[in-house]
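Where a number appears in this text, it was derived from the coordinates with a stated rule and is not lab data. In this text the structure is predicted, and so the values were computed from the model without any measurement. Glycine also receives a Cβ, built like all others from the backbone with ideal geometry; neighbour counts cover every protein chain displayed.
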Amino acid sequence: MVMQEILSAVDAELFGVWFLIGAALVFWMQAGFAMVETGFTRAKNSGNIIMKNLMDFCIGTVMFVLIGFSFLLGEDLLGFIGKPGFDIFTAYKDFDFSSFVFNLVFCATTATIVSGAMAERTKFLSYCVYSAVISALIYPIEAHWIWGGGWLAQLGFHDFAGSCCIHMVGGIAALIGAKILGPRIGKFEKDANGKVIKVNAFPGHNIPLGALGVFILWFGWYGFNGAAATTIEDLGSIFLTTTVAPAVATVTCMIFTWIRYGKPDVSMCLNASLAGLVGITAPCDVTDAFGATMIGIVSGLLVVFGVWLLDYKLHVDDPVGAVAVHMMNGIWGTIAVGLFATSSAPGYAIALEGGTIKGEGLFYGGGFTQLGLQLLGFVSVAAWAAVCMVIVFTVIKATIGLRASKEEEIRGLDIMEHGLSSAYAGFEFGGMDFVDGDVDVIGSESMEASVPALVKTSDAGDGKKITKVEILMKQERFERFKKAMNDIGVTGMTVTQVLGCGTQKGAPEYYRGVPMDIQLLPKTQVEMVISSVPVMDVINATRKALYTGHIGDGKIFVYDVEDVVKVRTGESGYDALQGEDD
């Protein structure tokens, strides 16, 4: 008897420590989210994305301390909300430290899901306001229904680690935010009637970084799903299902994209790993290996369908696939409890004792009882999240504004929001640049009002004059320039990434408060040898493509070329520039 009490005490201490280790693993997932979002987007916004993921947690902590924790785990009021209180300040000696830290890191996860879907065009201040609201009110209240003794918990709804109250809610917020915000410039091309006729791809600038983020998230997920386990058997079973589901989802996605697109899609498979993890999060303690496999297969297909649906049917721009991963698979994981819950899983008996599982899943002979409860929970929480987030984003848009300006978006949020010329010192990648509305002229004066360009060259003689044109430009204008050259018949060019500044020594910038004497800015240098296209056509098209009206638009250098020789054939002069490229 005494020995049994000793063993029980040791177990309690052991799992108490594991509970906090699990919380630390969930916190580490913030790094994973930051890496995935950064790698899947363009380099010119990397610093902004890192800042948002950092502030998600820091702002969330402040709001959770002030109000969120009591709304989540305070004394239940009518099954809807926890009683507001300040025990963390007034009764610290008897405060439940472990529970606070554990629930805090989960709250931060809900908030950070939205960042990826709204990346590259959201005002930083507006995002901070959103993060504060979801951490203080939206997440704590619906989580109270499920984990704080609220009405869903009383009915028997089961969401062990958060497919519904974390991932689905974060995914719904991401969908609504991205829809109200609108797509990135150039993501969708429209005809004269406003119908989308083409979807453009914006490749992530660093897939290895995104992959590192996925591995970090998968590692942290063992704490995310397993931290609340109270027996070795339960913990082992949770680890198993948390491994099987994402692995199967990734294999499924690989096979499907290989068949569908001719090659296995790297970024989609990375999304599929996360989709499988989201799908298994709610039922991880009450399902077996077969159930985890089935959940993984559906997740692997669902994430591909979700990305396609947003791009080609809903026309919602989600740079990292947050909606497909978190919302769609959060819904799937919530429903999966009612399909695959089984008494053979160690966690089933624990859940049954806690009053949260009414029966086994539909596919295990349990009928529709638990499935009905899961559907009720999904609809209720989804409705709460959708209504609240529409209100939040609409109010933000109407007051302080939600979207960055076109100039800020084109140049990148790093430099415009944070004064960071590049998150990668000495380099800047403008990515794709698309013409959109009045973006052609950002400056206060039009190009036509400036001094006209005049070119003086030697006599063309027989009309076969050869001229070299060298152009220095902002990197973000290169795609526009390339299209302009193609339109006038110039295709041959040599492109180099360079660093430089004019007589102004670059814009004044600071690093840790210390002014940098000469700021060498990243530029693109293009060299072209012109023979058949009039030089003035090249100059005029170039100026139109590069002009913004601001300092640093670039310069055009024109040189007479004495001769040119084609290496392969020995042809010289005008003839050397004709035919296929060498």
Subject >> Convex hull per residue volume in Å³, alpha carbons only, for the range 37-182 >> reply: 113
Subject >> Peptide ranges 40-47, 391-398 listed from the most packed, as the mean C-beta count within 10 angstrom indicates >> reply: 40-47, 391-398
Subject >> Stokes-Einstein translational diffusion, the range 158-317 - Kirkwood Rh over all Cα pairs, 1.002 mPa s, 20 °C, in µm²/s >> reply: 127
Subject >> Table column - 3J(HN,Hα) (Hz), the range 52-69, Karplus curve with 6.51, -1.76, 1.60, x for Gly and Pro >> reply: 5, 5, 5, 6, 3, 6, 5, 5, x, 4, 4, 5, 5, 5, 6, 8, x, 4
Subject >> Folded to 0 to 90 degrees: helix 169-181 orientation relative to the chain principal axis, Cα >> reply: 30
Original post:
Nearest 0.05, what FRET efficiency do residue 563 and residue 406 give at R0 = 41 Å with Cβ-Cβ as r?
Top reply: 0.35
**OP:** Report the antiparallel proportion of the DSSP beta bridges in the chain as a percent, rounded to a multiple of 5.
**Re:** 100
Original post:
Size of the dipole of the chain about the Cα centre, Lys and Arg at +1 and Asp and Glu at -1 on the beta carbon, nothing else charged, in debye to 20?
Top reply: 920
Original post:
Considering the dipole of the range 538-582 built from charges on the beta carbon (Lys and Arg +1, Asp and Glu -1) around the Cα centre, which of 549, 577, 567 is farthest to its positive end?
Top reply: 549
**OP:** Rank by packing, highest mean first: peptides 483-492, 320-329, 67-76, with packing defined as the count of other Cβ atoms within 10 Å averaged across residues.
**Re:** 320-329, 67-76, 483-492
Original post:
Which of the peptides 334-345, 122-133, 529-540 is most tightly packed, and how do the rest follow, judged by the mean count of other Cβ atoms within 10 Å per residue?
Top reply: 334-345, 122-133, 529-540
Original post:
Rounded to the nearest 0.05, what FRET efficiency do residue 536 and residue 62 have when you use their Cβ-Cβ distance and R0 = 56 Å?
Top reply: 0.40
Subject >> Isotropic mean projected area of the C-alpha convex hull, the chain (nm²) >> reply: 34.0
Original post:
Using helices alone, what [θ] at 222 nm do you get for the chain, with -39,500 (n - 2.57) per DSSP H run of 4 or more residues, divided over all residues and rounded to the nearest 500?
Top reply: -16500 deg cm²/dmol
**OP:** Check cross-link reach from residue 555 to the lysines: straight Cα distance under 28 Å, and skip same-chain residues fewer than eight apart.
**Re:** 44, 406, 456, 464, 465, 468, 474, 482, 483, 505, 523, 544
**OP:** Per residue of the range 155-167, in order, report the coupling 6.51 cos²θ - 1.76 cosθ + 1.60 (Karplus, θ = phi - 60°) as ³J(HN,Hα) in whole Hz, putting x for Gly and Pro.
**Re:** 6, x, 4, 10, 9, 4, 10, x, 4, 8, 6, 10, 6
Original post:
Fully extended, how many nm does the chain gain between residue 232 and residue 77 (0.36 nm per residue separation, minus their Cα-Cα distance)?
Top reply: 52.3 nm
**OP:** Return one number: the angle in degrees, 0 to 90 and rounded to the nearest 10, between the long axis of the Cα atoms of helix 97-117 and the longest principal axis of the Cα atoms of the chain.
**Re:** 30
**OP:** With everything on Cα atoms, drop me the angle between helix 478-488 and the longest principal axis of the chain, reported from 0 to 90° to the nearest 10.
**Re:** 40
**OP:** Compute log10 of I(q)/I(0) for the range 115-172 with the Debye formula, placing one identical point scatterer on every Cα and leaving out solvent, at q = 0.17, 0.18, 0.26, 0.30 Å⁻¹, to two decimals.
**Re:** -0.63, -0.68, -1.05, -1.22
